[in-house]
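So the structure is just underneath, and the comments pick up after that.
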């Protein structure tokens, strides 16, 4: 009889399947209406999103975030993607599961969720550690590809309040983070492609060999099966819960997951978490576009992406407390995993609408817009015996990201029960100590003209240039980008070791800046490679201009370019080609000059200081492009705090830097 019912069910359109139809009064999570998007200034049009959005300062200046990539899969302590692999006969994790827990027809993933214990989880202690390691924001796991929600979820009964720890994990994290003044984020991995397309479909099978050959895995169980008593007459532990809410109704074509009933349910679950916990940041472990494939599945959130971020931005903008400016991160915006291959013109627009994520991969070049790289201290989900990244590896990753206009989000891998290894704690303390000493080269820093190489990494902040020397040699070191010929470097006045403020002898020439690093050991760091081999120099020079993308800048509609090598200050430029675009920043001084290239653009720009029009700049096309030209100067300011705003009146205009006196 069950086989006949299954065939009838599969013959229905997949969108009409309801796994909860027989549960009186229950919310039908498989047939929800389309999610209405919160009304506000942001619409689902990419052009609107890209023109209005500014990455908030709290995130942009933070540079380092802490991540708790922790859920029921951690309980097995056998690595990532456990909830999928245990249903793949012959997979190492499937063998491990059978040896340690049982066959998935009897002890499946739902039992792992039931048995997830969090008795060693101390969120206060961990948040204190995250602060000590230098993190300035925190991200909690909302759910993984396994489809289990770690919060008191309205649209997923298989959640941490109903099953397993019986705790609102996300809610507790949120409260703890805010108690320690850490902006709070939620990560969503249960995207349609990963969950509906890849994790669910392998479960509707059985072993092909062995004594359990042909016995269906527990994903084939139904709500009705839960009401049937066990062989000994006792009730099933999951009575009243439908396994199909966790595993999905049976489907075998996961390629077009955005057309599934799960896709709309996913939207409601994200909206539920956003409204319930008011996160400052949301993260999606999937592509923003839809032109990539993985394991034969069409990846990406595609048309859902602008709906998600418009909804999030508008909800946040109406908050009475907390951050109204928020961050949403997605993968596959250009780069090696570009998910906009069918419409490449969208890459720059999407890049300005959100923060792109680059898991485990730091961008090769300096990016025009901020990005985030996610790295784990060990495996994403804890794995017994797996090695840890060293403190020096994490510092290298951090400085590479900062030097290329990115932030680093670091997962401190937790045991299934919530605690961390002493080794992980010490690694955090070591690189936290290094960050504390060298913080001014990190927080609120921006890229320099070039990011550097394997031996030296450059950042810039407040008019200073910082050089992080990796494994310094005892011989003379020549820093070529700090030569007298470099377009963003003035005459160097002083070179200091940031660790103790002591001056370093130097010589600046057309070949570069020649220095010699004295050997020293940083106190309070147990990792000797980091203590001896990573030194930061603060370099004072006399061309301390304010760059077009320095802290405080806000734009409406402006675009950016980097790395063109045309002599612009800091090798980057902001430009506008639409009337009404605005660029503004507060500053302190009594005289301000606008630096921009001439000969390249043709348009008119209005200059407004403190709300009053004080002049115009007209750009003319010419055969010769001249970089770093003074195109406007205001001398009629009183000494003190002011605001300058540049407005596009016509054509194409640009700004390279400000010279503030």
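Within segment 502-555, being within 17 Å of residue 473 (Cβ to Cβ), under 36 Å from the mean Cα position of the chain (by Cα) and in a loop (DSSP other than H, G, I, E, B) holds for 517, 520, 521. Any idea which residue in segment 104-125 is farthest from the chain's Cα centre (by Cα), counting only those that are in a loop (DSSP other than H, G, I, E, B) and either buried (at least 19 other Cβ atoms within 10 Å of the Cβ) or not assigned by TED's automatic domain parsing to the domain that holds residue 223 (or both)? Checked segment 104-125; the qualifying residue farthest from the chain's Cα centre (by Cα) is 104.
Taking segment 72-102 as the region of interest, how many residues are surrounded by 19 or more Cβ atoms within 10 Å (Cβ to Cβ) and not in a helix (DSSP H, G or I)?
Quick first cut of segment 72-102, residues surrounded by 19 or more Cβ atoms within 10 Å (Cβ to Cβ) only: 72-87, 89, 93-94, 97.
Checking the rest, the ones that are also not in a helix (DSSP H, G or I) come to 77-81, 86-87, 89.
Within segment 72-102, residues that are surrounded by 19 or more Cβ atoms within 10 Å (Cβ to Cβ) and not in a helix (DSSP H, G or I) number 8.
Of all residues in segment 303-333, those that are surrounded by fewer than 21 Cβ atoms within 10 Å (Cβ to Cβ) and either assigned to a loop (DSSP other than H, G, I, E, B) or free of Cβ contacts under 8 Å to residues at least 24 places away in the same chain (or both) total 9.
Just give me the residues in segment 401-426 being more than 30 Å from residue 113 (Cβ to Cβ) and either surrounded by 21 or more Cβ atoms within 10 Å (Cβ to Cβ) or assigned by TED's automatic domain parsing to the domain that holds residue 530 (or both), in sequence order. Explain how you work it out, then say what you get.
Filtering segment 401-426 down to residues more than 30 Å from residue 113 (Cβ to Cβ) leaves 401-408, 426.
Residues satisfying the conditions are 401, 402, 403, 404, 405, 406, 407, 408.
Check segment 185-192 and report whether any residue there is part of a helix (DSSP H, G or I), assigned by TED's automatic domain parsing to the domain that holds residue 323, surrounded by fewer than 22 Cβ atoms within 10 Å (Cβ to Cβ) and in contact with a helix residue (DSSP H, G or I) (Cβ under 9 Å, 6 or more places away or on another chain). Talk me through it step by step, then tell me what you get.
Within segment 185-192, the first condition is being part of a helix (DSSP H, G or I), and the residues that meet it are 192.
So of that shortlist, the ones also assigned by TED's automatic domain parsing to the domain that holds residue 323 come out as 192.
Going one step further and asking which of them are surrounded by fewer than 22 Cβ atoms within 10 Å (Cβ to Cβ), we end up with none.
Looking for residues that are part of a helix (DSSP H, G or I), assigned by TED's automatic domain parsing to the domain that holds residue 323, surrounded by fewer than 22 Cβ atoms within 10 Å (Cβ to Cβ) and in contact with a helix residue (DSSP H, G or I) (Cβ under 9 Å, 6 or more places away or on another chain), one finds none in segment 185-192, hence no.
The listed residues are 637, 658, and the only one of them that is surrounded by 11 or more Cβ atoms within 10 Å (Cβ to Cβ) and over 38 Å from the mean Cα position of the chain (by Cα) turns out to be 637.
The values are calculated or read from the model by the stated rules, or taken from the named source; none is laboratory data. None of the values given here were measured: they were computed from a predicted structure. For neighbour counting, all protein chains shown are included, and Cβ atoms are generated from backbone atoms with ideal geometry for every residue, glycine included.
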